[in-house]
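Encoded as structure tokens, the structure appears first; notes follow it.
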Amino acid sequence: MNSNKVTAIATSVIAVSLLGFIFNSTYNSPENIEKRCYAKYKRRLEKGPSLSEVETKGDPTIWFPRRQEYLYSKCIK
């Protein structure tokens, strides 16, 4: 390989690595983690419990909202 190809490959690897670090720090920022958790559990609350959960645990109006609050609190920690 000539030196131009080696330089191009090295530059590409460095650029991809830097983009990965930038994406990772943005994706895992505390604000984004909280937004993802909130959206996830909001969708879950709107969807409601599954039929198997209702059959095994009984009335979902009692346990389902409390469980979702607990899971949300664990997610944002």
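Worth pointing out:
- Entry for mean projected area of the Cα convex hull in nm² (calculated from the structure that is shown) out of (1) 8.2; (2) 5.2; (3) 7.7: (1)
- Principal-axis tilt of helix 3-27 within the chain, Cα atoms, nearest 10 degrees: 20
- Phi-based couplings in Hz for segment 52-62 (Karplus 6.51, -1.76, 1.60; Gly and Pro marked x): 5, 5, 5, 5, 8, 9, x, 4, x, 5, 8
- Accessible area in square angstrom per residue, the chain, 1.4 angstrom probe: 83
The values are calculated or read from the model by the stated rules, or taken from the named source; none is laboratory data. Because the structure is predicted, anything quoted here is derived from the model rather than measured. Protein only, heavy atoms only, side chains kept; ligands, DNA and RNA dropped before computing areas. Shrake-Rupley method; radii C 1.70, N 1.55, O 1.52, S 1.80 Å.
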